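What follows draws every value from the coordinates through simple rules; no lab data is involved. On a predicted model such as this, the values are computed, not experimentally measured, just so you know. Note: ideal-geometry Cβ built from the backbone for every residue, glycine included; neighbour counts use all protein chains shown.
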Amino acid sequence: MTIRAMEVTRALPHPVQVMWIIALALVLSLTQVSLASAQVNRPESFADLAERVSPAVVNITTTTTVAARLEGGPRVPEGSPFEDFFRDFFDGPEDRPQRPRQNQALGSGFVISEDGFIVTNNHVIERADEIRVEFYSGLELPAELVGTDPATDIALLRVDHDEPLPHVPWADSEEARVGDWVIAVGNPLGQGFSVSAGIISARGRALRGNFDDYIQTDAAINRGNSGGPLFNMDGEVIGVNTAILSPTGGSIGIGFAMSSNVATNVVEQLRDFGSTRRGWLGVRIQDMTEDMAEAIGLEEVQGAMVTDVMEGPSRDAGMLAGDVIIRFDGQSVSDTRQLVRRVADAGIGRDVEVDVFRGGEEVTLVVTLGQRELAEEAAGIMPQPTEPVEPETAEFLGLELQPLTDSIRAERDLPSSMEGLLVTRVAEGSDAEQRGIRVNDVITEANQQPVTTVADLIERADEARDAGRRSVLVLLRRDGDPRFVALSLEDPSLEN
């Protein structure tokens, strides 16, 4: 009995073993739940989605007629006795009407309303004489151009049909996340209706424009997909397929779609006015850097530095070069790109509050926005007679500087009203050289105050040192373009 009792005892699991068994079972159970959840989130098929959205996706064919003379005939040396003969035989007389030639291009698009409004890319229909739209059902209709916006490569078409047309809704692209599933639908390489799937690889990509907000995807996008929709899993358009990055001309998994939040604003304006109407402040701006922020006493590197104020809304509101726009219409501004987009989307004729950092404190200005498309730069100021000034040259902060004179302005085609210091030499290895300052740059301000002599610049630098700052902010102009640069007051290369 004793032996049997011991055997039974040994057969029973130890309490610690029981705990390990329970823990292992719990881990296995949670793993199975996680895998099941992942399987639920991953679509088994895109077929239902593709079937639902395909009736609203269209193929676009454009025809462009150009005049062209016959080319490709034999070439003979210029001045040859046979030159006139071959020209007459192959090209015909100079006054003969040129033979028209038709070029065709293919692209994609999608219907956004039952009354026939269609979105595509501007480059798909640019300079087209005829635009035809083919639906998934086989229906073909001629399309008229409503309006285009080359800045975002968006175009709006319209077709007439007796019956309501299938269409798809827009999504809020701000809700899209990197890693979300998407499908691209269109007419790649002229092969007809095609679907490709992938994920959102990145957001907020900028390619070439001020208003860029591209969604990057690895869903296959090729030539012919341009203008087609990028769908989320709810069948909503989150982007307009526009471009690819490829050394081969084919998809390598890096495609770009203009975000729906940009496209919808553009499309709305094209539909209402036939063109875009973007807001305009009338300023030139540049991104802030740590050195620039430190030089003016701004605690955070944020906002957009105003480098020039043109004749227009901002000048009327009292904005100055050197102001840092930190909030626009109640929203904080992180950089120049964000500000440009917000101003553009704000509309025209509105009174908006613009908060700027100036002289160590915040100032609120009320600006009545103009229209960017109609804005023109201020006319040049007529030369005014001035007293001749003898040039004086001095060195400071690694720069050889000379005050502007009438002869210097005339020689370098500078406005007669421009005051400042001409850079005639930049010390090799100096902080000024590293900051990109060049000979013939003109320094017009220091610490947001005008400078006309080297003494003015030295005084501004001393004021910055007294305030405990390590750099002085200067405004320079190069070929008419303004730019702020923070020059170090502790440049070791200038020590003797």
Near the amide H of Glu311, under 5 Å away, which other amide H atoms are found, from residues 5 or more places off or on another chain, if H is placed in the peptide plane? Ala378
List the residues whose amide H sits under 5 Å from the amide H of Asn225, counting only those 5 or more places along or on another chain, with H placed 1.01 Å from N in the peptide plane. Asn187, Leu189
Taking every alpha carbon pair in the range 280-374, what does the distance histogram look like in 5 angstrom bins from 0, in percent? 3, 15, 28, 28, 16, 7, 3, 0
Relative contact order for the range 193-283: what percent, with Cα pairs under 8 Å and sequence separation of 6 or more? 23 percent
Ellipsoid equivalent to the range 102-175 - semi-axes via the Cα gyration tensor, in Å: 19, 18, 10
Roughly how compact is the range 210-254, stated as its Cα Rg over 2.2 N^0.38 Å to two decimals? 1.17
For the range 173-273, alpha-carbon Rg over 2.2 N^0.38 Å: 1.01
Total formal charge among the other residues, if their Cβ is under 15 angstrom from that of Ile221, Lys/Arg +1 and Asp/Glu -1: 0
Could you sort the peptides 401-414, 451-464 by per-residue average Cβ neighbour count (10 Å cutoff), highest mean leading? 451-464, 401-414
Relative counts (whole %) of C-alpha pair distances in the range 224-288, using bins that are 10 Å wide: 18, 33, 30, 19, 1
Per-residue ³J(HN,Hα) for the range 296-303, Karplus 6.51 cos²θ - 1.76 cosθ + 1.60, θ = phi - 60°, Hz, x for Gly and Pro: 10, x, 8, 5, 10, 7, 8, x
Listed peptides 174-186, 315-327 by packing density, highest first (mean Cβ within 10 Å): 315-327, 174-186
Expressed as a rounded percentage, what relative contact order does the range 280-374 have, with Cα pairs under 8 Å and six or more residues apart? 30 percent
Can I get the semi-axes of the range 394-494's equivalent ellipsoid? Compute them from the C-alpha gyration tensor as square roots of 5 times the eigenvalues, in angstrom, largest first. 22, 15, 11
